[in-house]
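No lab work stands behind these numbers, since they all come straight from the coordinates. Just so you know, these numbers come straight off a predicted model, no measurement behind them. Positions of Cβ are generated from backbone atoms using ideal geometry, with glycine treated the same way; all protein chains shown enter the neighbour counts.
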Amino acid sequence: MSDHFFGIQVALQTPPDGRLRQSLARLLRQQSQDLDVLGQRKLFAALSRTLHKAVDVTTLGFWDLQPNGRGEYDEWVRGLEDDAAERWVADADAVQLDHVLVTTLFLLPSRGASAHLVGERCDLPENSWMRRSTFRTLFTTVGELDFASVRGAAVYITPGNEALAFSRRELEGDGYDYLLPLR
């Protein structure tokens, strides 16, 4: 039985000292240890509610669902962990450093309840993939996962230092060209 990869990454327009950014950081800081099924359910339900409220300040996004996704999941986690270990340098020429990336990653057994739910929610015509309504649905889905049927889950906020932020220009450039504007 193979595992499905389900991932969402969004760029939120929120300054480093913004309420949304502080709320996200506080939420993750409170969950610094490995979580059991109930702890994961609580964390991702709270994250789901927070991201759902943030759809209007979500400027760019990406989501993906892939069968046989163990390698994709591992690659994303490794890449985000490597990014976190590197010294981050802000866009010195940017007028506004007011974006943060939020990434949620899941590894779902293909026959589990969560893979079934995600499969239903992601079965969309291509012209709706980058709509705000689609991201609302995906954020809601994150809070509805059955964590007894989740093999792996991760959340990242980048940059990790609450005093730092990306410019939109950075997130529209090299290395982030998979992120697309929401409409």
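Summary of computed values
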item	result
Within segment 132-149, backbone nitrogen closer than 19 Å to the virtual label 7 Å beyond the Cα of A45 toward Cβ	137-149
Over 12 Å [Cα-Cα, segment 123-183], rounded percent	79
The chain: radius of gyration over Cα atoms, expressed as a fraction of 2.2 N^0.38 Å	0.99
Estimated D of segment 30-133 in µm² per second, where Rh is the Kirkwood radius over Cα pairs and Stokes-Einstein applies at 25 °C, 0.890 mPa s	148
Efficiency of FRET from Cβ geometry, R19 and S149, R₀ 25 Å, rounded to 0.05	0.15
Segment 56-183: relative contact order in percent, alpha carbon pairs under 8 Å with at least 6 residues between	43
Expected-Rg normalisation [2.2 N^0.38 Å, Cα atoms] applied to segment 19-89	1.30
